[in-house]
Structure formats: C-alpha cells, structure tokens
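Single-structure report; data block below.
The values are calculated or read from the model by the stated rules, or taken from the named source; none is laboratory data. These numbers were taken from a predicted model, which means no experiment stands behind them. Cβ atoms come from the backbone with ideal geometry, glycine included; neighbour counts cover every protein chain shown. Quick note on the areas: whole protein, heavy atoms, side chains included, nothing else; ligands and nucleic acids left out. Shrake-Rupley method; radii C 1.70, N 1.55, O 1.52, S 1.80 Å.
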Amino acid sequence: MSKISSIKQKYHFFLYNLSPFRFSLIVTHSIKRILSLFGIKKGFRIIDLAITYGCNLNCQHCSAMVMSQTDRKILTLDDYREIVSQAKELDVLSWNITGGEPLLVPWLDDLITILEPSMHYISIQTNCMLLTKDRAKQLKQLGVNCITTSLDSIDSEEHNAFRGNPESYLRVFEGIKNAKSAGMQVLVAGTITHQNLRSEKLRKLITSVNELGIIFLYNLAVPSGNWKENSEILLRTDDRKYLLELMEKYPMTATDHEAGRNAIGCPAGKEKMYITPYGDVIPCPFIHISFGNVKNTALMDIVKKMQKIPYFAQYQKICTAAEDTDFIENVLKRIYNENEAFPVPAEIIFKELSNSHESRNNL
C-alpha cells in the first residue's frame with residue numbers, strides 16, 4: 001500500500017474509536033498506542049471471547065462448531081472476572097465477544113459490564129438475526145462500541161445459501177441500520193477465497209458497504225473447521241498482490257493486520273488470542289491448538305508458552321493460517337489428523353513443547 005492509502009486507512013480506523021465517545025477510553029488507548037508505536041510498552045490489542053457455540057445459522061465455512069463439546073462446563077461470570085483481572089498484565093485494549101451467536105446468551109449484558117467498557121473497546125461479533133432496534137440501544141447503553149457482522153456476497157441468494165438461512169441477508173442490513181441508529185460503529189466482514197477475490201461482485205460488495213460509511217474487513221479463507229479439507233479456497237501468492245491492490249483502491253478496507261498495535265502483520269499469539277467457552281486459549285479462531293486453559297493456568301504463562309513457537313513470536317506479512325503454506329501443511333493439517341477433541345493440546349503438535357514437557361516430567 002502507498003503511504004497515502006495507509007494514512008487514509010488509519011484515519012478511518014481512528015474514527016471508529018470515537019463512537020460512542022468515552023473520554024477515558026480515547027485517552028487511555030491513545031497513550032497506549034503511542035507507547036507501542038515507539039516500542040516503549042507493547043501489549044495485546046484484542047482478545048476474542050467465544051462465549052457460546054450455540055448458533056441460529058448454519059454457515060458453510062464455520063470454524064467454531066468443531067470445538068463444541070457439550071460435556072464440558074463453560075466459563076462462569078466469575079471466571080471472566082478473573083480473565084479481565086489477569087489481562088491487565090497484558091495491557092489489553094479491546095474485547096471482542098463472539099461465538100456461535102453471542103446474542104443468544106442470557107448473561108451477555110452482565111459480561112459486558114465485567115469487561116470494563118470505560119477502559120476497553122468492546123465489540124460484538126453477531127449475525128444480526130437478533131439485533132433488533134431495542135437490543136441495539138441496550139447494547140450501546142451498556143458500553144458496546146462496535147457491532148461486527150458478515151456479508152459474503154452482494155447477491156442475497158448467494159449470501160443466504162452460504163449462511164444457511166433465507167433471511168440472513170435482510171437481517172444483516174437491518175442490524176447494520178439498528179446499530180448505527182443506536183450510535184455504535186459497524187464493521188462488515190466478508191469471506192475471501194481464491195474464487196471470489198477478483199470478482200465484480202466483491203468490488204460491488206465493498207463499494208456498497210463503504211457507501212454506508214462502514215469499513216469492510218477481508219476474512220481470508222482458512223482450511224479449518226468445516227473447510228478443513230478444502231484447499232481450493234486458499235489464496236495464491238499472486239492473490240496477495242491483488243489484495244494489496246484492492247486495499248490501495250479502497251482505503252476503507254483491511255485485513256486483521258492493519259489495525260495492529262505493536263506492528264503490522266499477523267497478530268495471532270502476539271497481540272491477539274481467542275478463548276473458547278471452556279477456557280482453552282488458542283492463537284486465533286482458526287488455529288485449533290490449545291496452549292492452556294484459564295481455569296488452571298495464568299493467562300501470562302499461556303502467552304509466554306504460545307510465543308515460544310516461532311509462528312506466534314514474529315509478525316508475518318501474510319496470514320499464518322490462511323497463507324503460510326508451511327504452516328498449513330505442517331501444522332493445520334496435523335491438527336485434524338489427531339484423534340483428539342478440539343482444540344488439540346499444543347504439546348501434540350509442536351515437538352519443542354513436547355520435549356520440554358517430557359524433560360520436566362523426568363526431573
């Protein structure tokens with residue numbers, strides 16, 4: 001990207017932090033990002049909290065449901081209070097509440113309060129099926145900054161087929177309207193594959209979203225979950241070049257890299273993590289490898305363990321799970337070859353952790 005397009009992109013993301021306006025949040029985040037920019041104090045940008053795997057859609061590419069385990073106890077509100085307390089050591093800026101469908105969870109409002117909206121940017125990732133006008137107002141009053149939703153095609157039939165519900169397309173636009181009317185920001189994400197990246201439909205989708213004053217996020221397809229054996233959807237080397245050209249042409253678009261706190265690049269394990277409803281900590285929603293559980297291991301210790309692995313210690317310019325062919329072949333494919341419940345323990349996948357574990361047991 002050119003410097004001009006990069007500046008435009010950062011400008012649009014900066015505006016997203018201003019609504020709903022909370023002075024303490026703006027000041028805190030601005031100071032922390034400046035410290036990170038100059039390498040004085042690095043920290044985590046965001047933690048994804050998957051609070052349920054219950055869902056009212058049936059998406060073709062779902063990466064979450066493979067980790068659903070009905071025989072395990074989900075985290076309690078007290079568990080989340082402890083997570084928030086421990087996350088202070090990581091200097092976390094934002095919480096993203098996801099699922100499944102988080103609006104199905106009856107104690108969602110209590111969780112939002114626990115996440116300290118006055119100090120943290122709060123987003124909810126929802127399919128908008130339940131985001132009525134009244135519910136949007138409630139969420140805004142509780143302190144939610146942003147609603148993130150998905151729109152995978154400008155063609156309503158294609159989107160509905162992909163999401164497994166004939167009303168999904170309409171509900172997404174109703175949800176966007178309700179969220180913006182309530183005073184929250186909205187981000188719209190679309191799943192990007194080798195097949196649709198260069199399509200006219202994608203360009204029309206981006207334009208339609210941007211005309212609403214909304215940033216469009218590229219969710220790069222990953223061979224994970226329902227798509228674990230689908231390599232056809234993966235971006236090729238020349239696709240990355242074209243993706244950069246799209247971001248140049250449409251500055252109100254981005255991957256998950258550009259909003260980086262410490263650096264621009266894949267944030268998995270370095271400034272982003274994902275916690276399952278059962279407390280397992282994984283690097284990102286698509287990498288189903290557990291580095292520990294918050295019920296019995298300190299969050300900082302889990303992060304240190306994660307960052308022993310080179311994939312999660314350094315910032316890559318490409319998405320580790322979607323574009324790193326070495327990682328896909330030698331790590332992702334191994335996950336689904338193991339006869340284990342998901343997420344798979346990191347010691348099974350990474351030899352260096354396994355050897356370390358064995359050495360401790362022999363002491």
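Structure data summary
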read-out	value
Members of the range 85-103 that are over 29 Å from residue 133 (Cα atoms), out of contact with any Phe, Trp or Tyr (no Cβ under 8 Å at 6 or more places or on another chain) and not small (Gly, Ala, Ser)	86, 88, 89
Filtered residue count, the range 294-310, keeping only those that are open to solvent by 20 Å² or more (accessible area, probe 1.4 Å), outside any loop (DSSP other than H, G, I, E, B) and of a type outside the set (Asp, Glu)	4
Residue list for the range 281-293, restricted to those being part of a loop (DSSP other than H, G, I, E, B) and either without any contact (Cβ under 8 Å) to a residue 60 or more places away in the chain or of a type in the set (Val, Ile, Thr) (or both)	283, 291, 292
Selected residue (criterion: nearest to residue 201 (Cα to Cα)) from residues of the range 153-163 that are open to solvent by less than 30 Å² (accessible area, probe 1.4 Å) and free of Cβ contacts under 8 Å to residues at least 40 places away in the same chain	159
Matching entry among 174, 167 (being closer than 20 Å to residue 56 by Cβ, out of contact with any helix residue (DSSP H, G or I) (no Cβ under 8 Å at 6 or more places or on another chain) and among the charged types (D, E, K, R))	174
Search result, residues across the range 69-92 that are under 23 Å from residue 127 (Cα atoms), surrounded by fewer than 17 Cβ atoms within 10 Å (Cβ to Cβ) and in contact (Cβ under 8 Å) with a residue 24 or more places away in the chain	69, 74
Which numbered condition residue 118 fails, given (1) under 23 Å from residue 82 (Cα atoms); (2) at pLDDT 95 or above	(2)
Top-ranked residue in the range 101-144 [being out of contact with any helix residue (DSSP H, G or I) (no Cβ under 8 Å at 6 or more places or on another chain) and more than 20 Å from residue 277 (Cβ to Cβ); ranked as most open to solvent (accessible area, probe 1.4 Å)]	141
Breaking point among (1) touching a helix residue (DSSP H, G or I) at 6+ places or on another chain (Cβ under 7 Å); (2) modelled with pLDDT of 95 or more; (3) at negative phi, for residue 41	(2)
Qualifying positions in the range 338-363 - assigned to a loop (DSSP other than H, G, I, E, B), within 13 Å of residue 289 (Cα to Cα) and at pLDDT below 90	338, 340, 341
Sole exception among (1) assigned to a strand (DSSP E or B); (2) of a type in the set (S, T, N, Q); (3) farther than 12 Å from residue 144 by Cα for residue 96, by number	(3)
Lone qualifier among 19, 68, 24, 30 - being closer than 26 Å to residue 281 by Cα and either among the small types (Gly, Ala, Ser) or at pLDDT 95 or above (or both)	68
Identity of the residue in the range 339-355, free of Cβ contacts under 8 Å to residues at least 24 places away in the same chain and surrounded by 13 or more Cβ atoms within 10 Å (Cβ to Cβ), that ends up farthest from residue 217 (Cα to Cα)	354
